[in-house]
1. The range B:471-494: which residues show an accessible-area loss of 20 Å² or more, assembly versus chain alone, 1.4 Å probe?
2. Could you give me the radius of gyration and the Dmax of the range B:442-513, taking only the C-alpha atoms into account and expressing both in angstrom?
3. Test of understanding: given chain A, find the longest segment containing no trypsin sites (Lys or Arg not before Pro) that are in a DSSP loop and have at most 11 other Cβ atoms within 10 Å.
4. Which whole number gives the average count of other chain Cβ atoms within 10 Å of the Cβ atoms across peptide B:24-31?
5. Along the range A:97-110, what does the Karplus equation 6.51 cos²θ - 1.76 cosθ + 1.60 (θ = phi - 60°) give for ³J(HN,Hα), rounded to whole Hz, x for Gly and Pro?
6. Quick one: order A:Y136, A:Y115 from most to least accessible surface, probe 1.4 Å.
7. Below 8 Å between Cα atoms, with a sequence gap of 6+, how large is the relative contact order for the range B:377-492 in percent?
8. List, shortest first and in nm to one decimal, how far the label point of A:D156 (7 Å from Cα along Cα→Cβ) is from its counterparts in the other copies.
Number of protein chains: 2
Amino acid sequence: MRRAAATPKLDDGPHRVRLHRIGIDTYQEPVVFMRADSAVCRSEGFEAQSRVKLTLAARSLVATLYTVDDPLLADAQAGLSEAAWMALGAREGDEVEISHPEPIESFAFVRGKVYGQPFTDTAIEAVIRDIAAGRYSGLELAAFVTACGGGSLARDETVALTRAMLDAGQRLEWTQSPVLDKHCVGGLPGNRTTPIVVAIVAACGLTIPKTSSRAITSPAGTADTMEMLAPVELDVAAMRRVVEREGGCVVWGGAMSLSPADDILIRVERPLDFDSPGQLVASILSKKLAAGSTQLLVEMPVGPTAKVRSADNAHIIAALLEDVGRTLDLSVRVLQSDGLQPVGHGVGPALEAFDVLAVLDNAPQAPADLRERSLRLAGELLEMGGRAAAGQGLALARETLASGAAQRKFMAICAAQGGLREPPVAAYRQVFVAPRAGIISAIDNRRLSRIAKLAGAPRAPAAGLQLHHHLGDRVARGEPLFTLHAESPGELVYAGSYANLHPDVIRLEEPAA
Amino acid sequence: MRRAAATPKLDDGPHRVRLHRIGIDTYQEPVVFMRADSAVCRSEGFEAQSRVKLTLAARSLVATLYTVDDPLLADAQAGLSEAAWMALGAREGDEVEISHPEPIESFAFVRGKVYGQPFTDTAIEAVIRDIAAGRYSGLELAAFVTACGGGSLARDETVALTRAMLDAGQRLEWTQSPVLDKHCVGGLPGNRTTPIVVAIVAACGLTIPKTSSRAITSPAGTADTMEMLAPVELDVAAMRRVVEREGGCVVWGGAMSLSPADDILIRVERPLDFDSPGQLVASILSKKLAAGSTQLLVEMPVGPTAKVRSADNAHIIAALLEDVGRTLDLSVRVLQSDGLQPVGHGVGPALEAFDVLAVLDNAPQAPADLRERSLRLAGELLEMGGRAAAGQGLALARETLASGAAQRKFMAICAAQGGLREPPVAAYRQVFVAPRAGIISAIDNRRLSRIAKLAGAPRAPAAGLQLHHHLGDRVARGEPLFTLHAESPGELVYAGSYANLHPDVIRLEEPAA
């Protein structure tokens, strides 16, 4: 119980310790490890779960402290988790200053909200500024998200939240106008319309500088899929050159610091599954306003396993999106879509990229559902951008795709982003067949994604699966239902054994006699 | 980016890995460390921040996963944080089963509450059962605490919460009646009335089986102070023997599993500083009902730096305590007290113990404020327990103390708990004197506690400080204000240099000319 007293530090200057990359991944939570009996912990009163401030040159960070025993670290050493290491831009042996973090004054506003006081503009600005600066602990983030949960954010609070999240990050500006954008709420496996939509819209002469995300929990994000076809990690200057030349792009938005508070809040909203209409709207609109968009089309898949589960809820969110957007000079249109089943054939970065190429190529085997969804979205955007009269957008989109103009534009965009690539093909495959004849009555999106991830997606980009049938299709006994793709035999076997344990991923109903 | 595929696990049985005590203290959050490229992480899809279930013989635990690199652990090894190690009762090399935790169904009720649905009895029971079983993550606990924050818990929800917290733990039963108890909300440095109150009340023939806590953030808890005078880590059987014989005891309640959900919630409520009247009431009453009490006296210090800051708030909490108590067959009386300054002379386990002994000994140097507070509380309890008529309790308490009966009872209780001890005396001391003449106009409780902790309290039990004056005292230049006590010269110097940096801990005002 008793420990030896550490050498005390007598002057009033900051403590300095040497950084060590300890090799522990805590996901996005920055953690610092120090010895409990170190001079800094003893003299500052730091204990396990204390919040401590680390300052390295111009960067600083607030991290959670875990204390360690003797063999793991030396007295004057601080081990950093991967997230903390990246955020500080540290190198092994760098000397860092350690101190108590300033108290988070803005948390009083969160406490006030819990006690029934609405957020003022100033209050929410202060909260979001501190969140974006990484000053809130996980517990404090969870409290904020909960305090904003349900219907607790009024319309004006939602406007203030959106504006504050926008102001906390970088904002792109474009000389072109209008600047079009699209977003999909929630997402369905394989719903990779973006590259097709961007190609059609840009081919018609409109501006659509699209920033996309990588997968967080899914087998592929749009940026992962696009990366199979061209480089996506462009900086703002390079992105701007692509858009100047081609009118559109599909790049990874993660490095551009667009609404950084949103990136931080998402890591708490996701496990709690708590985002209210207000938070959802602020999250979407702040990112899009930061990207410099003036017209936004939001696709909202509705279905029992989708993010938005009922048409009523979809209407509430749509009305709020349009209303808050209008207040912040962003014209928003919302399109409900079917959220019952995966879109296209492929699930996984490369397999989805092949679907995109097939649609753009007007290939006979191209997935019709992906094509029709893309055309519908592109058609709306053509109308919103003034390229087509009301009701004429879909026809123009179809013509642009059929003529090959969309394909040519896509190739040009890929070239401008750094060169078209050939997606990789998986070396290991296994076909799963129908155990009996029947009609496909349900597809479990969640389990299907899990199989694709067990096969290695998105880490192994060629991995995933190809669906050979969709809802309502009639299949014979022994007919292929889906093919697993993997880059290693072990992963193929593992994903396959999981699939065998869950034969109901694709449910077959007896056909009516 | 690409990692080698792990050997897949093909059968459907649980994964087994060997436990290693990795020597990382994460405070109360159970954490498990495993290699990201290990077979279990790869095949189960576990990633940093995943929640995983560990089963070792009859015990199981849900922990947060952090992934580590090669050198720290072997493939089939799992490193446990101290909290996880203790909770599982693990030994080095034990083989543990690792699996996905069952989904926490009860969190849907928390989500419902956020969306405006009141908690039903069934809902809150399910939530508290899962919390007590350690199934909620820190984020989920923070969400629950926030959802219950402010005024959001109605009276009936508070009753249900109290009952659920009570039902989740062990409950002591006594054949004696009434069973008296006391509690202090928040707490002031040095406010160590409990041993004195128990001695007086038991000396008058009443039953008062007192369970107390150790310090969490303060320089000493009641159990820490009592431990300077007698053993306090008694099990229920030993505690029962003491109470059968002497009518009272002062033991550590931490090992008795009284309202374990409360212990878990406190670790989130404290950093968020969020507890609503409803939560505060449920926390206090569930612990006291679990201890088998029938009559409870609650001391509520009110002051700008105390937990309860205004008389209005004190009234609301007092009314709720009495109301909910009545519903659950616990008779509650609330006594407001002055929360402006520390009580007694000593701050720190041994120094507070000396104050207790001096009061019981009727010594001339005994702190009058500690004596008068103790007498007032004991007097109330004597009336609540039917030993004194209304208005006569204080006189009986005073007589019991003055006659030496309370001191004799206290010695008997100490003997029954395992033998009276002599508190340790610090080897290193430093006197801090008034820099000029003046009247003491304010004492910073928070900073004073910090100085005592920097000197080593409660870890070094003889450490802390002795106050030589209280508010309103007139002191001459050079007169001692307080004396620092430490067990090592380094700690003395460090606490002293902090005290020198903050001369306003004890504020002096010019005396009126």
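1. When all protein chains are present, B:E487, B:G490, B:E491, B:V493, B:Y494 each give up 20 Å² or more of accessible surface.
2. 12.9, 45
3. A:92-435
4. Mean inter-chain Cβ contacts per residue within 10 Å come to 6.
5. With the stated coefficients, the range A:97-110 comes to 8, 10, 8, 6, x, 4, x, 8, 4, 5, 5, 4, 5, 5 Hz.
6. In descending accessible area the options line up as A:Y115, A:Y136.
7. In percent, rounded to a whole number, it is 27.
8. The answer, with the shortest distance listed first, is 3.4 nm.
The values are calculated or read from the model by the stated rules, or taken from the named source; none is laboratory data. Model, not experiment: these values are computed from the prediction. Please note: Cβ atoms are built from the backbone with ideal geometry, for glycine as well, and neighbour counts cover all protein chains shown. Areas reflect the complete protein model, heavy atoms only, side chains present, ligands, DNA and RNA absent. Shrake-Rupley method; radii C 1.70, N 1.55, O 1.52, S 1.80 Å.
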